[in-house]
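The values are calculated or read from the model by the stated rules, or taken from the named source; none is laboratory data. Everything numeric here is computed off the predicted structure, so don't read it as measured data. Counting neighbours? That spans all protein chains shown, and the Cβs are built from the backbone with ideal geometry, glycine included. We work out accessible area using only protein heavy atoms, side chains counted, and drop any ligands, DNA or RNA first. Shrake-Rupley method; radii C 1.70, N 1.55, O 1.52, S 1.80 Å.
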Amino acid sequence: MKILVCVKQVYVPGTDVTIDHSSGWIQYNPTGFRLNSYDEYALEEALLIKERIADTRVHAVSIGPGRTEVAIRRAMEIGADEGIQIRYEKEGYLSPYQTASLISSYAKEKQYDLIMTGVTAEDDMQMQTGQMIAGTLNYPYASSVIKLEMKTEHLVYVERECDAMRRECVELPMPCVLTIQSGINKPRYPALSNVLRTKQQKLMEIPAQDLVMPEAREKIIKVFLPETTARGVFLQGSAKEKAVELLRILHEKAFL
Amino acid sequence: MNDTIVVIAQHSQGAADPVTYEAIACAMELCGGDNSCIRVIVPGKQTADIAEKIAGTTGADVTAVEGKGLKLYNAEAYIKVLEGFLKDIKPLYIVLPHTSTGYDLAPALAVKLKASCITAVEKINHADGKHTFIRPLFNGRLYAEVVPETESTVITVQPGAWHKAVGSPDKKGRVNVITADAGSTKTRTISIKHSEYESAALSQSDVIISAGRGIGKKENLSLIRELAGIFKRSAIGCSRAVCDVGWLGYRHQVGTTGVTVSPKLYLACGISGAIQHVSGIKGAQTIIAVNTDPHARIFSVADYCVVEDLEQFIPAVLEAYGRLYSE
Ligand SMILES: Cc1cc2nc3c(=O)[nH]c(=O)nc-3n(C[C@H](O)[C@H](O)[C@H](O)COP(=O)(O)OP(=O)(O)OC[C@H]3O[C@@H](n4cnc5c(N)ncnc54)[C@H](O)[C@@H]3O)c2cc1C
């Protein structure tokens, strides 16, 4: 089997998010990048399949400027056999449709049986890319997968996690696209052997211009911090004083 | 220019889900305050009754699209049926709720319709006859204003962002029923399962003490438990992050994909306040949040905000409780 896991290097801001007014986008602090945690669940699911089905190859692909190499290599250290970097140098926002088009255009002739992504990216939280890859390649798909079983060589059974604690049980033939929800497995840490192997390996680099990259269909005109809408009372004083005050409130409201 | 706004209804057990009425309310705002340009589509097996109900409640025109292969939600079948229909109507906007059905369907549908797709919309701005859409980034730490650049735009609306639509009681919308056949699909939806978790303890508790990733390590659950111990009847809840790392079982998870709770008191410790978590505690009467980050989103819904490290604060509460209140 051949599995493609789409991974994203996300920016996870610390307590301070600053907007760079010249670019209109957030100001990146170089230490704030990491592999999207939802993608780690997708990768783990691919590796679990690889453990069960002989001759399975797992590829990790990501789009972005040079810095994204770190996330791809992290995926390889965790266990992906190969890393593919679609080089798109411009910093800032890339729409899900553009992302999906680039990945589809790369994956089209490569005979992947399964294409997996995390259910969402922690930074822009669109929940679109996987479904759009499926739409572009005309593959069946399921999003928010919380259980996955290979039924036969060509058929997958999944449970989609739905709202209000429901699950939709779905069967779909491969090739297909699955977006993976957190909690489906326990993602592993890199093993030393994989770390050493990755060091020896080169990434496959593809310039975005060599692939199909349509215009964005929507644009972000502005990012902004939400107004502080705290409607509550901030307790004041030292930790001890706040503790006493909180107990007073709880007592007054008859909770104690 | 075509200004039709299509709403794709979500329903279960023979009735439209509340989020459907919220999506219609969003569509009404896009329509300039009334329902004249709205067309609600209700795909499913037998949906004429649901369509009647929506038309009666909101005054909008409703089309029930009934057919084989539509009984249970199936992305492929829905797209097959809706694609042709929507290509004929060429709506300006197609509005869906941002739910596990809505966000599953919307992006792939947008690709088929060459439409833009904007998900988790919380607000609409109007300027110079143009609409822009406000959606969160980074779990609401930041917001983006997005403008579509296509003839059609698919949007999904965040549950709770709009109040349910109500129309004028004397004007009922028109209802028509069309039959469609999704034909054969590669994807097969087999069944819907309800979670096996026994969550009654949480949904019936007056007091819920809830732990987030901010507790830092599993051992700190003992702090949460001790804190819960000072209340007469309390239960332990948590964020999804705590379940995902295995500190607590999923039956403790509060939120859209967990339990919806409405206690008298909800005390959130080390929880950032992601929208999926906060949607699950809307019914709480009093919310108290303890978080080291003064900008944490949880504070925007909390009645009492404590900016402290829970590792110091909870022991301080326990100590003061022992001193002042326990007899
Ligand atoms: C489809 C989907 C469905 C989801 N459904 C749910 C759901 O039902 N329920 C749910 O909860 N989540 C859900 N999520 C996940 C959600 O988006 C968040 O990722 C999650 O709620 C974050 O959990 P958290 O607040 O515990 O962790 P974080 O966001 O990591 O927040 C930890 C917080 O702890 C604070 N903190 C750190 N250290 C301390 C300390 N010493 N003292 C005090 N505070 C501290 C930090 O400032 C931070 O605010 C869902 C996500 C998706 C994509």
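Using the Kirkwood radius built from alpha carbon pairs, what does the Stokes-Einstein equation give as D for the range B:92-162 at 37 °C and 0.692 mPa s, in µm² per second? It diffuses with D of about 267 µm²/s by this estimate. Set the Cα radius of gyration of the range B:141-249 against 2.2 N^0.38 Å, with N its number of residues, and you get 1.76.
Per-residue counts of other Cβ atoms within 10 Å, averaged by peptide: what ranking do you get for A:231-241, A:128-138, A:181-191, highest first?
Highest to lowest by the protection proxy: A:128-138, A:181-191, A:231-241.
With viscosity set to 1.002 mPa s and temperature to 20 °C, compute the Stokes-Einstein D of the range B:240-327, Rh being the Kirkwood radius across alpha carbon pairs; µm²/s, no decimals.
155 µm²/s
Rounded to the nearest 5, what is the percent of antiparallel bridges among the DSSP beta bridges in chain B? Within chain B, antiparallel bridges account for around 20 percent of the total.
Among beta bridges identified by DSSP and lying wholly in the range A:2-210, the antiparallel ones come to about 40 percent. Between A:E109 and B:A15, the modelled label-to-label distance comes to 5.6 nm, taking each label 7 Å out from Cα in the direction of the beta carbon. What the Cβ-Cβ distance of B:T179 and B:E83 gives, at R0 = 22 Å and to the nearest 0.05, is a FRET efficiency of 0.85.
Summed over both chains, the area buried between A and B is near 7600 Å², taken from the accessible surface of protein heavy atoms with a 1.4 Å probe.
Beyond 18 Å, what percent of the Cα pairs of the range B:215-270 remain? Everything past 18 Å amounts to 30 percent.
What do you get when you divide the Cα radius of gyration of the range B:29-78 by 2.2 N^0.38 Å, with N the number of residues?
In units of the 2.2 N^0.38 Å rule of thumb, it is 1.27.
Extending 7 Å from Cα along the Cβ direction at B:K264 and again at B:H126 yields two label points whose distance is 4.4 nm. When DSSP beta bridges are restricted to pairs lying wholly in the protein assembly as shown, around 35% turn out antiparallel.
Using the average count of surrounding beta-carbon atoms within 10 Å as a protection proxy, the listed peptides A:63-71, A:246-254 rank, highest first, as A:63-71, A:246-254. Only DSSP H runs of four or more residues enter the estimate; each adds -39500 (n - 2.57), and after division by the residues of chain A the mean residue ellipticity at 222 nm equals -8500 deg cm²/dmol. Entry comment: accessible area of the range B:1-122 is 32 Å² per residue, from protein heavy atoms only and a probe of 1.4 Å.
Viscosity 1.306 mPa s, temperature 10 °C: give me the Stokes-Einstein translational D for the range A:63-122 in µm²/s, with Rh taken as the Kirkwood radius over C-alpha pairs.
Here the translational diffusion coefficient equals 124 µm²/s.
In terms of its Cα atoms, the range A:92-172 spans 36, 33, 16 Å along the principal axes, sorted from long to short.
Panel note: contact residues of the range A:184-228 (accessible area lowered by at least 20 Å² against the chain on its own; 1.4 Å probe) correspond to A:K186, A:R217, A:E218, A:K219, A:I220, A:I221, A:K222, A:V223, A:F224, A:P226. The separation of the range A:20-57 from the range B:207-286, counted between C-alpha centres, amounts to 27 Å.
Between A:V233 and B:D206, the modelled label-to-label distance comes to 2.1 nm, taking each label 7 Å out from Cα in the direction of the beta carbon. Does a label point 7 Å from the Cα of B:V166, set along Cα-to-beta-carbon, have any residues of the range B:44-82 with amide nitrogen under 18 Å, and which are they? The answer is B:53-60, whose backbone nitrogens lie closer than 18 Å to the label point. One chain, two ends: B:E151 and B:D309. Fully extended at 0.36 nm per residue, the span grows by 51.9 nm beyond their Cα-Cα distance. Under the shape rule built on the C-alpha gyration tensor, where the axes satisfy a ≥ b ≥ c, the protein assembly as shown is oblate, since a/c reaches at least 1.5 while a/b does not exceed b/c.
Screening chain B for whole DSSP H helices with an alpha carbon extent of at least 18 angstrom along the helix axis and a mean Kyte-Doolittle hydropathy of at least -0.5 yields B:18-30, B:75-89, B:310-324.
What FRET efficiency, computed as 1/(1 + (r/R0)^6) with R0 = 30 Å and r the Cβ-Cβ distance, is obtained for B:K45 and A:K151, rounded to the nearest 0.05?
0.70
What percentages make up the Cα-Cα pair-distance distribution of chain B when the bins are 20 Å wide from 0? Using 20 Å bins, I get a P(r) of 29, 49, 21, 1 for chain B. Between the amide H of B:V177 and those of B:A64, distances stay under 5 Å, these residues lying 5 or more places away or on another chain, with hydrogens modeled in the peptide plane.
Positive contributions from Lys and Arg (+1) and negative ones from Asp and Glu (-1), summed over other residues with Cβ under 10 Å from the Cβ of A:P187, come out at -3.
Compute the separation of the alpha-carbon centres of the range A:86-124 and the range B:103-176 and state it in Å as a whole number. Between the Cα centres of the range A:86-124 and the range B:103-176 lies a distance of 23 Å.
When the helices of chain B are scored as -39500 (n - 2.57) per DSSP H run of n ≥ 4 and the total is divided over every residue, the value at 222 nm lands at -7500 deg cm²/dmol.
Take each residue in B:238-247, count the other chain C-beta atoms within 10 Å of its C-beta, and the mean is 2. Counting Cβ atoms of other protein chains within 10 Å of each Cβ in B:95-103 and taking the mean gives 4. Cross-link pairs exceeding 20 Å between alpha carbons, from the set B:K53/B:K172; A:K2/B:K80; A:K90/B:K112; B:K164/B:K282; A:K50/A:K151; A:K108/A:K199: A:K2/B:K80; A:K90/B:K112; A:K108/A:K199. Shielding by partners for peptide A:134-143, expressed as the average number of C-beta atoms from other protein chains within 10 Å of each residue's C-beta, is 6. The alpha carbons of chain A stretch over 66, 46, 40 Å along the principal axes, in descending order.
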